[in-house]
Amino acid sequence: MSSITLEKAKTPTVSQDELTGYYGYLAKSLTRVQVTDAAGGSLPQSEAVSTVIGWARATHAAGRKLMFIGNGGSAGICSHMATDYSKNGGMRSLAFNDGSMLTCLGNDLGYENVFAKQIDLHAVEGDLLIAISSGGKSKNILEAVGVARRRGCRVVTLSGFGADNPLRKLGDLNFYLGSDQYGYVEVGHLAILHAILDFACGLKVPQD
């Protein structure tokens, strides 16, 4: 038998000030989100959110659909948002995250094509692609955006980490959250997409 003794992991303690600071930085990160258009011009985040609401509603009204793509934590956001935009928002939405499809396409075509192939199969002109990548460098996301463009889709991107990431230059609208921490970027992306949905559903912001 092994004589190795495992030391009991020390449980970290977090002060209320640290927790408040964590949440406060998240709020600041969200208010500082930068949005650019296809030409690289800047616009207020409120204007961008309003524009995406209009695009999403118009996409559904035209018989088209919203498509969400992302890896890892961003894939979870995609599944969450595709469900909520469909059920709560009444907008035709889907996420290309089925495990069998991803492993099939990854095995046969390479992981860089797992989203591009699905978009090639399912996208039609007038669809809206929402592409999420924390670092903005995932090849499978970049390849998919290229296919969506060729199919005549509008594209909204959400990225973080480096300000010069390539995804940030590829969308009709590009939301960029300037942090190098996955937690802030992923929660921030989820909050942005939830805000778009909530306001599309007529949310009245609580005043207290």
Counted residues, region 14-52 - those being under 16 Å from the mean Cα position of the chain (by Cα), of a type in the set (A, V, I, L, M, F, W, C) and outside any helix (DSSP H, G or I):
2
List the pairs whose first member sits in region 86-107 and is under 20 Å from A131 (Cα atoms), whose second member is among the hydroxyl-bearing types (S, T, Y) and surrounded by 18 or more Cβ atoms within 10 Å (Cβ to Cβ), and whose Cβ atoms are under 6 Å apart, counting only residues at least 6 apart or on separate chains?
S86/S93; M91/Y85; S93/Y85
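Does A123 satisfy the criteria of being at pLDDT 95 or above and touching a Lys or Arg at 6+ places or on another chain (Cβ under 6 Å)?
yes
Identify, please: which residue in region 95-142 is among the hydroxyl-bearing types (S, T, Y) and assigned to a helix (DSSP H, G or I) and is, among those, surrounded by the most Cβ atoms within 10 Å (Cβ to Cβ)? Steps first, please.
Step one: list which residues in region 95-142 are among the hydroxyl-bearing types (S, T, Y), which gives 100, 103, 111, 133-134, 138.
From the residues that got through so far, the ones that are assigned to a helix (DSSP H, G or I) too are 100, 103, 111.
Values: S100: 7, T103: 12, Y111: 15.
Ranking the qualifying residues of region 95-142, first place goes to Y111.
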Of the residues I69, I77, I53, which single one is touching a Gly at 6+ places or on another chain (Cβ under 8 Å), at pLDDT 95 or above and surrounded by 14 or more Cβ atoms within 10 Å (Cβ to Cβ)?
I77
In this structure, is A144 touching a Phe, Trp or Tyr at 6+ places or on another chain (Cβ under 8 Å) and among the small types (G, A, S)?
yes
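This table checks each residue for (1) touching a Phe, Trp or Tyr at 6+ places or on another chain (Cβ under 6 Å); (2) at pLDDT 95 or above; (3) farther than 18 Å from L173 by Cα.
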{"residue": "G21", "(1), (2), (3)": "no, yes, yes"}
{"residue": "T59", "(1), (2), (3)": "no, yes, no"}
{"residue": "Y85", "(1), (2), (3)": "no, yes, yes"}
{"residue": "G89", "(1), (2), (3)": "no, yes, yes"}
{"residue": "F96", "(1), (2), (3)": "yes, yes, yes"}
Selection from region 29-50 of residues exposed (fewer than 11 other Cβ atoms within 10 Å of the Cβ) and farther than 24 Å from M91 by Cβ yields T31, A39, G40, G41, S42
Selection from region 20-44 of residues farther than 16 Å from A163 by Cβ and polar (S, T, N, Q) yields T20, T31
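The values are calculated or read from the model by the stated rules, or taken from the named source; none is laboratory data. Everything numeric in this text was worked out from a predicted model, so none of it was measured. Note that each Cβ is placed from the backbone with ideal geometry, even for glycine, and that neighbours are counted across all protein chains shown.
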